[in-house]
There are 2 protein chains.
Amino acid sequence: MNQAEILNALIADNLVSDPKGARGRLLKEAARLFRDKGYERTTVRDLAAAVGIQSGSLFHHFRTKEEILKAVMVETIHLNTALLKTAVERAQTGVARLRALIRAELESINGQTGEAMAVLVYEWRSLSETSQAEVLKLRAIYEQVWLDVLAALKAEGQLSADPFVVRRMLTGALSWTITWYRPEGGGLSLDGLTDQVMAMMAFPR
Amino acid sequence: MNQAEILNALIADNLVSDPKGARGRLLKEAARLFRDKGYERTTVRDLAAAVGIQSGSLFHHFRTKEEILKAVMVETIHLNTALLKTAVERAQTGVARLRALIRAELESINGQTGEAMAVLVYEWRSLSETSQAEVLKLRAIYEQVWLDVLAALKAEGQLSADPFVVRRMLTGALSWTITWYRPEGGGLSLDGLTDQVMAMMAFPR
DNA sequence: GTCTATAGAGAGATAGAC
DNA sequence: GTCTATCTCTCTATAGAC
């Protein structure tokens with residue numbers, strides 16, 4: 001399954017909105033605005049204008065502004081969990097699986113769906129506590145993919161640090177790339193960036 | 001110079017407000033509130049209540065709410081640059097200097113001044129562009145301390161990845177600890193956490 | 001499903017008394 | 001230097017016409 005096929009399967013299962021529909025288009029624009037200006041500084045008027053309607057019309061699709069934020073986050077996790085699982089299945093060795101995860105997460109953050117991933121990380125506090133709990137449940141599935149790979153590496157003796165700590169450090173390091181890495185810049189490619197991360201990490205020999 | 005002496009020297013130079021004075025107390029509370037609720041969700045009424053005055057009285061000390069955010073950031077950089085420089089001066093080898101920097105930054109983030117460091121990282125977008133430029137100049141001094149140590153390590157052949165990329169990855173990884181690391185928890189100490197970061201990193205042998 | 005119009009709440013900031 | 005009182009603006013959300 002390639003990226004487009006994964007997306008289509010998720011749309012068919014109603015886990016992700018069709019980006020061609022009204023809801024999908026709004027969520028895409030919302031993710032971009034939330035990332036650029038932050039959730040609090042983005043007004044419902046901004047959101048409506050981005051899809052060419054009046055602010056009152058938004059509330060036909062979503063009951064509250066916060067519901068939009070939550071939808072962005074939920075759909076982002078569904079999509080990226082699917083992408084992550086596919087990436088890890090293809091790799092054959094422990095180290096290759098780790099590399100595949102790093103590559104996939106860098107792509108999620110800096111690729112087309114990157115706005116939404118950044119929102120997930122940096123707008124967490126703007127979500128109500130009940131919504132946070134809901135999104136956290138979905139996020140746990142995503143995190144488990146990472147932890148399984150890291151725990152296997154540790155068991156093989158390829159990793160000396162604690163898998164939980166390693167994952168958390170990588171979460172911070174990889175999500176932070178959105179603030180400085182510019183894939184268009186011609187300099188470092190996503191593969192090159194992945195190489196750099198792997199080169200930083202210790203694998204006992 | 002220990003931590004208290006460094007702070008006193010900065011207060012004497014008017015680079016950091018005395019935490020016993022009105023301005024210093026407000027900035028301390030502001031940092032805590034901005035970290036917990038975010039800058040946008042913290043009202044001037046919240047800020048005033050935290051130091052026991054009415055919201056109108058705030059504007060005798062600061063012209064705008066944003067000026068408070070900027071002051072938090074500026075004083076935080078001054079303090080932590082001084083702490084970082086002191087930490088690196090004490091270490092004797094390249095790897096020891098890197099360890100000292102990691103330890104110092106983890107302490108800045110998770111110690112007493114941690115709220116302010118988190119504000120610096122996560123509320124950046126709330127600062128006006130002109131203020132951003134000003135704070136960025138100060139931040140560059142802090143970053144240069146890191147880059148000098150990493151470049152020396154690279155020259156020694158102790159580091160295979162690019163120093164700029166390594167620093168950025170560490171920025172993300174270390175600042176992210178504020179979201180999950182709980183020093184009081186009894187589990188991992190700051191030294192233990194530093195060990196984990198060092199254990200993750202590759203130093204060619 | 002989108003429009004216009006607006007309700008209702010809360011925000012940052014100001015003015016003048018003390 | 002802090003108070004009370006309040007101005008003005010902007011925000012989210014609602015109501016009802018089309």
Problem - Computed label-point distance, nm, for sites residue B:141 and residue A:191 using a 7 Å Cα→Cβ extension - result: 4.4 nm
Exercise for the section: Measure nothing but the geometry: give the 0 to 90° angle between the long axis through the Cα atoms of A:163-176 and the longest principal axis through the Cα atoms of chain A, rounded to 10°. Expected result: 50 degrees
Fill in the blank from the handout: Counting Lys and Arg as +1 and Asp and Glu as -1 over every other residue whose Cβ sits under 13 Å from the Cβ of residue B:18, the net charge comes to +2
Completion exercise
Distance in Å, no decimals, from the C-alpha centre of region B:1-41 to the one of region B:52-70 is 15 Å
Problem - Exposure ranking of A:29, B:184, B:105, A:156 by accessible area [1.4 Å probe, largest first] - result: B:184, A:156, A:29, B:105
Fill in the blank from the handout: So for the protein assembly as shown, using the alpha carbon gyration tensor with a ≥ b ≥ c as root eigenvalues (a/c under 1.5 gives rounded; past that, a/b versus b/c decides prolate or oblate), I'd call it oblate
Handout entry: Full-extension gain in nm, residue B:67 to residue B:148, via 0.36 nm per residue minus C-alpha separation
Key = 26.0 nm
Problem - Protein-protein interface of region A:102-127, residues with accessible area decrease of at least 20 Å², isolated chain reference, 1.4 Å probe - result: A:121, A:122, A:125
Exercise for the section: Would you kindly find the accessible area of residue A:97, with a 1.4 Å probe and non-protein molecules such as ligands, DNA and RNA excluded, rounding to the nearest 10 Å²? Expected result: 70 Å²
Problem - Accessible heavy-atom area order of A:93, A:130, highest first, probe of 1.4 Å - result: A:130, A:93
Handout entry: Rotationally averaged projected area of region B:3-200 (alpha carbon convex hull; nm²)
Key = 11.9 nm²
Completion exercise
Length gained, residue B:1-residue B:46, 0.36 nm per residue minus C-alpha separation, equals 12.6 nm
Fill in the blank from the handout: Counting only protein heavy atoms with a 1.4 Å probe and every protein chain in place, the carbon and sulfur fraction of the accessible surface of region B:47-205 in whole percent equals 55 percent
Handout entry: Relative contact order computed over chain B (Cα-Cα under 8 Å; 6+ residues apart), in percent
Key = 21 percent
Completion exercise
Under the Karplus relation with 6.51, -1.76 and 1.60 and θ = phi - 60°, whole-Hz ³J(HN,Hα) for region B:19-34, x at Gly and Pro, equal x, 8, x, 5, 5, x, 5, 4, 5, 5, 5, 4, 4, 5, 5, 4
Problem - For residue A:201, distant residues with modelled amide H under 5 Å away - result: B:202
Problem - Total lysine pairs whose alpha carbons fall under 29 Å of each other in chain B (8 or more apart, or interchain) - result: 20
Fill in the blank from the handout: With every protein chain kept in place and a 1.4 Å probe, region A:3-200 has an accessible area per residue in Å² of 46 Å²
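Taking only DSSP H segments of four or more residues, each worth -39500 (n - 2.57), what value at 222 nm results for chain B once the sum is divided by all its residues, to the nearest 500 deg cm²/dmol?
About -23000 deg cm²/dmol.
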Completion exercise
At the level of C-alpha centres, the distance separating region B:98-129 and region A:133-205, in angstrom, is 21 Å
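The values are calculated or read from the model by the stated rules, or taken from the named source; none is laboratory data. These numbers were taken from a predicted model, which means no experiment stands behind them. So basically every Cβ, Gly included, is an ideal-geometry build from the backbone, and we count neighbours across all protein chains shown. The protein model used for the area step is the full one, side chains on, heavy atoms only, and it has no ligands, DNA or RNA in it. Shrake-Rupley method; radii C 1.70, N 1.55, O 1.52, S 1.80 Å.
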